[in-house]
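Some notes on the structure that comes next.
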Amino acid sequence: MTVNKILVHADYNKLHLMASDITLLQPHRHAEFSSHILPACLPEPTTELAPSSSCWVSGWGMVTEDVLLPEPFQLQEAEVGIMENSVCASFFQPQHPGQPSSSDYSIHEDMLCAGDLITGKLRPREEAYSPSETLGVPSSAR
């Protein structure tokens, strides 16, 4: 399926690194929904998710913290746990404290953090989704 239009959020990267990190892709034709192709359910901005709940991420981004997805770029998915932003922030300390850098990643109130504390793999995401990963809302939060 080919893409007709790419819509990047107008405020992307304006307020802080990775702010409003969402992009919508409009295909050239309508997708036929099936048991394998379903619409994504996105939460309302006021939705609060319990830190003990889980969700699904999918996308074509990083396979691990250090490895990009190799060709043929097959869509990936994983179930991850929601966590408190304060816990997540402890994993994203500045590389050189006292010397802020544009590459330093920090957690903000408009972000939702999800990951696996056993492996240490974390995925902070704006407003629960991003261009490379969509964060599904658990059915209990819908």
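The values are calculated or read from the model by the stated rules, or taken from the named source; none is laboratory data. Just so you know, these numbers come straight off a predicted model, no measurement behind them. A quick note on method: Cβ atoms are made from the backbone with ideal geometry, for glycine too, and the neighbour counts reach across all protein chains shown. These area figures cover heavy atoms from the full protein model, side chains too; ligands, DNA and RNA do not enter into them. Shrake-Rupley method; radii C 1.70, N 1.55, O 1.52, S 1.80 Å.
Here are the numbers:
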| read-out | value |
| --- | --- |
| Near pairs, Cβ below 6 angstrom, 6+ apart or cross-chain, from region 27-42 (more than 15 Å from L75 (Cα to Cα)) to any residue that is surrounded by 10 or more Cβ atoms within 10 Å (Cβ to Cβ) | H28/N4; C41/V137 |
| Test for A50: is it in contact with a Phe, Trp or Tyr (Cβ under 8 Å, 6 or more places away or on another chain) and over 19 Å from L75 (Cα atoms) | no |
| Every residue from region 16-33 that is out of contact with any Pro (no Cβ under 6 Å at 6 or more places or on another chain) and open to solvent by less than 90 Å² (accessible area, probe 1.4 Å) | H16, L17, M18, A19, S20, D21, I22, Q26, P27, A31 |
| Residue selected from region 46-55 under the condition of a type outside the set (A, V, I, L, M, F, W, C) and in a loop (DSSP other than H, G, I, E, B), by the criterion least open to solvent (accessible area, probe 1.4 Å) | S53 |
| Qualifying residue in region 62-71 (condition: more than 16 Å from the chain's Cα centre (by Cα), closer than 18 Å to M111 by Cβ, at pLDDT 80 or above and not hydrophobic (A, V, I, L, M, F, W, C)) | no |
| Residue list for region 16-33, restricted to those being part of a loop (DSSP other than H, G, I, E, B) and more than 18 Å from the chain's Cα centre (by Cα) | H28, R29, H30, A31, E32, F33 |
| Considering residues of region 1-12 that are surrounded by 10 or more Cβ atoms within 10 Å (Cβ to Cβ) and free of Cβ contacts under 8 Å to residues at least 12 places away in the same chain only, the residue nearest to I82 (Cα to Cα) | Y12 |
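Conditions tested, residue by residue: (1) touching a helix residue (DSSP H, G or I) at 6+ places or on another chain (Cβ under 6 Å); (2) part of a strand (DSSP E or B); (3) open to solvent by 80 Å² or more (accessible area, probe 1.4 Å).
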{"position": "K14", "(1), (2), (3)": "no, no, yes"}
{"position": "S35", "(1), (2), (3)": "no, no, yes"}
{"position": "C41", "(1), (2), (3)": "no, no, no"}
{"position": "E44", "(1), (2), (3)": "no, no, yes"}
{"position": "V57", "(1), (2), (3)": "no, yes, no"}
{"position": "T64", "(1), (2), (3)": "no, no, no"}
{"position": "F73", "(1), (2), (3)": "no, no, yes"}
{"position": "E79", "(1), (2), (3)": "no, yes, yes"}
{"position": "S86", "(1), (2), (3)": "no, no, yes"}
